[in-house]
Amino acid sequence: MLEHLPPGSVLVLGALVVPLLRGVPRQAWLLALPILSFAHLLSLAHGSYGHLLLFDITLSVTRVDKLSLVWGYIFHIAAFLSALYAAHVKDSLQPVAALIYAGAAIAGAFAGDLITLFVCWELTAISSVFLIWASRTERSYRAGMRYLIIQVGSGVLLLAGVLIHYSDTGSLAFDHLGTPSFTDNLGPTLIFIAFGMKCAFPFLHNWLQDAYPEATATGTVFLSAFTTKLAVYALARGFAGSEILVPIGAAMTAFPVFYAVLENDLRRVLAYSLNNQLGFMVVGIGIGSEMALNGAASHAFAHILYKALLFMSMGAILHRVGTVKATELGMLYRSMPLTTFFCIIGALSISAFPLFSGFVTKSMTLTAAAAGHYDITFFVLLFASAGVLHHSGIKIPFYGFFGHHDAGIRVREAPWNMLLAMGISAFLCVAIGVYPQPLYDILPYPVDFEPYTASHVITQLQLLVFALLAFVVLALKHLETPELRCTNVDFDVVYRKLLPWIVRRVGSLCGALRDGVIDTGKSLVGLVVAVLHFGHGPSGVAARSLLSSTAIAIVIVLLFLLLLRNYLTQ
Amino acid sequence: MADQDNTTPTPWIERASSVTLLVRLLFVVSACLFVPDVLDVLHIGYDKHVHYGAESWLGFYAVFGFIAYSFIVGAGWIWRSIVMRDEGFYGNGDEEGDDA
């Protein structure tokens, strides 16, 4: 009976009970739901479940296999840690939205057909926007609207692609969909773009940096785990080995680095960092070899943990201080030493220092790129690795908790539930780094990779330590980019400034055109009236009364002319 | 919520002497990390596993890391001059939210 329920449905159904509960029972319920949902997942063997008949189409709501299980496991861990982190929140809206969001993402990762995927896709979009709106500010409302338009737009594109694909092939199975091509494979191409929107491909990425920093302190932790990683899963399922993903992913790793270096809002820095990390996964999926796909899956797993940990640490600052702007912070480590410690663990993990989770996962993708002779991509990824150290390894902990001066902020340490969630996340980051075998065991393909070779450890340390040395040298010479209160214009300027400006200009042009047409019409009408007035007005020619003698003279002249004509024509 | 506390002594990590010590330690660690590459070039006890010829150059990863980081910072200065605008550029107000 339980196998007919899709994984994640326990969270969605359980969320509906949350508004009825208060205090400790509610906290216990919020923490129990991910555990119950996880137990439900473990009860499912590999295979397809929940076959539904929709018109004459059979849907396969659930498909359990090794690829989907990687995402299923980590999504449940993330749901539990995020729920623990948010346990102090009294607002009923947030936990309901968060649980539905997490449940929909989990169900999406197990969708066996494209219609089920579409439903989950849209449900994640609609539920997650409430985590942004829950900030209840004008900024968050506007950012949420932009987020919703783009996310729902992605869903609409997905549905259009699915329908075209179905009409072409007669299949709704969510398996490998072929290579994107507008001319030969339109349906899957639209699906590919829909996935790309949610995965924050270059030029489609700004919803991420726009919306995530506007969500609540706890909401961003949920957001960081599910939306983009569901898209990564969808790409791995539908488009593994698509060559186009390699340059796209490489670009994703590199360009956010140049924005992260400038950003003052540390949660926005992490949003750019998230974009950069997604790039590594996308490259792995594009390469498509067993090692590369293992690299993408394991990186997604590790990334969800350390990115959540970093967002948690910034959320703790936001919760206590009320801001995460680097210019406002300084020496906060004195007040929040445990949060500082956990943040540094997250920073070491994302930077891929040996003995931390990023080291044992990201290196698989790099090795796969080199083995596949993706030469330029390999060096771009290497460059991006140094970039990660800059914005997430150094900038986040340094400006979040140390800085150049004491800002005089004295606050209490983060609440116990936040600390516990950060502590467990940090433990997992180290555990995976020290002993990666359990993670390797759940990957889609057998792992033939040894991360802890002397060469690998030494070269990675050389890269990172010398990048750290560059930071120190530049800081001593006062050459590092200073933190400034500012807005850095990204591609979203196109739809936040340029398009509205064009619409306004076109509108005013149309207005001027309309005014011109009306004015010309008025002038023409005025002219006609004047002419008519001239002819038929009170003193017009036609209305003028003539003397009878004049009329007789005219008639005589006309008769004379007629007589003359007849005479001449005889 | 926030108040100034001037009574506590300067913590160890904030002292100038500590920062100097840490910087020197970093220089020493960096120098030590060069040693394996020298051993690799001399074929003594360490063999660097490489995919590309450039990787086998002496100190390739160290130099790459240093230059890449410096490039990012340098490019940041230039990029900032192009993309930086006022904080209220999008005109959405400046308030930040938190949990209820």
Query raised in the report: Out of (1) away from chain B (no Cβ under 11 Å); (2) at pLDDT below 95; (3) outside any loop (DSSP other than H, G, I, E, B), what's the single condition that is false for A:Arg496?
Result: (1)
Query raised in the report: A:Asn264 is checked against (1) buried (at least 24 other Cβ atoms within 10 Å of the Cβ); (2) in contact with a Ser or Thr (Cβ under 6 Å, 6 or more places away or on another chain); (3) closer than 30 Å to A:Val411 by Cα and fails just one. What number does that condition carry?
Result: (1)
Requested in this report: Please state which of the following conditions A:Arg334 fails to meet, knowing it meets all the rest: (1) modelled with pLDDT under 95; (2) within 25 Å of the chain's Cα centre (by Cα).
Outcome: (2)
Query raised in the report: If you check A:Leu67, A:Leu31, A:Leu93, A:Leu81, which single one turns out to be touching a helix residue (DSSP H, G or I) at 6+ places or on another chain (Cβ under 9 Å), more than 14 Å from every other protein chain (Cβ to nearest Cβ), without any contact (Cβ under 8 Å) to a residue 60 or more places away in the chain and not β-branched (Val, Ile, Thr)?
Result: A:Leu31
Query raised in the report: Mind checking which pairs have a first residue in the stretch A:479-491 that is within 7 Å of another protein chain (Cβ to nearest Cβ) and at negative phi and a second that is of a type in the set (Gly, Ala, Ser) and crowded, with 18+ Cβ neighbours inside 10 Å, Cβ under 6 Å, 6 or more apart or different chains?
Result: A:Thr481/B:Gly76
Query - Hey, B:Arg80 surrounded by fewer than 16 Cβ atoms within 10 Å (Cβ to Cβ), at the interface with chain A (Cβ under 7 Å from one of its Cβ atoms), among the basic types (Lys, Arg) and free of Cβ contacts under 8 Å to residues at least 24 places away in the same chain or not - result: no
Query raised in the report: Is one or more of the residues making up the stretch A:398-418 crowded, with 20+ Cβ neighbours inside 10 Å and in a loop (DSSP other than H, G, I, E, B)?
Result: yes
Report summary line: Per the list (1) assigned to a loop (DSSP other than H, G, I, E, B); (2) small (Gly, Ala, Ser); (3) modelled with pLDDT of 95 or more, residue check on A:Ala250 breaks on (1)
Query raised in the report: Out of all the residues in the stretch A:161-179, is one or more within 14 Å of another protein chain (Cβ to nearest Cβ), aromatic (Phe, Trp, Tyr) and part of a helix (DSSP H, G or I)?
Result: no
Requested in this report: Inspect the stretch B:52-63 for any residue being over 24 Å from the mean Cα position of the chain (by Cα) and outside any helix (DSSP H, G or I) and give the result as yes or no.
Outcome: yes
Query raised in the report: Taking the stated definitions as given, is A:Phe255 closer than 21 Å to A:Ser363 by Cα, free of Cβ contacts under 8 Å to residues at least 60 places away in the same chain and part of a helix (DSSP H, G or I)?
Result: yes
Query raised in the report: On the given criteria, is A:Leu157 in a helix (DSSP H, G or I) and farther than 28 Å from A:Ile132 by Cβ?
Result: no
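The values are calculated or read from the model by the stated rules, or taken from the named source; none is laboratory data. None of these values were measured; they are calculated from a predicted model. Neighbour counts are summed over all protein chains in view; Cβ atoms, including those assigned to glycine, are modelled from backbone coordinates with ideal geometry.
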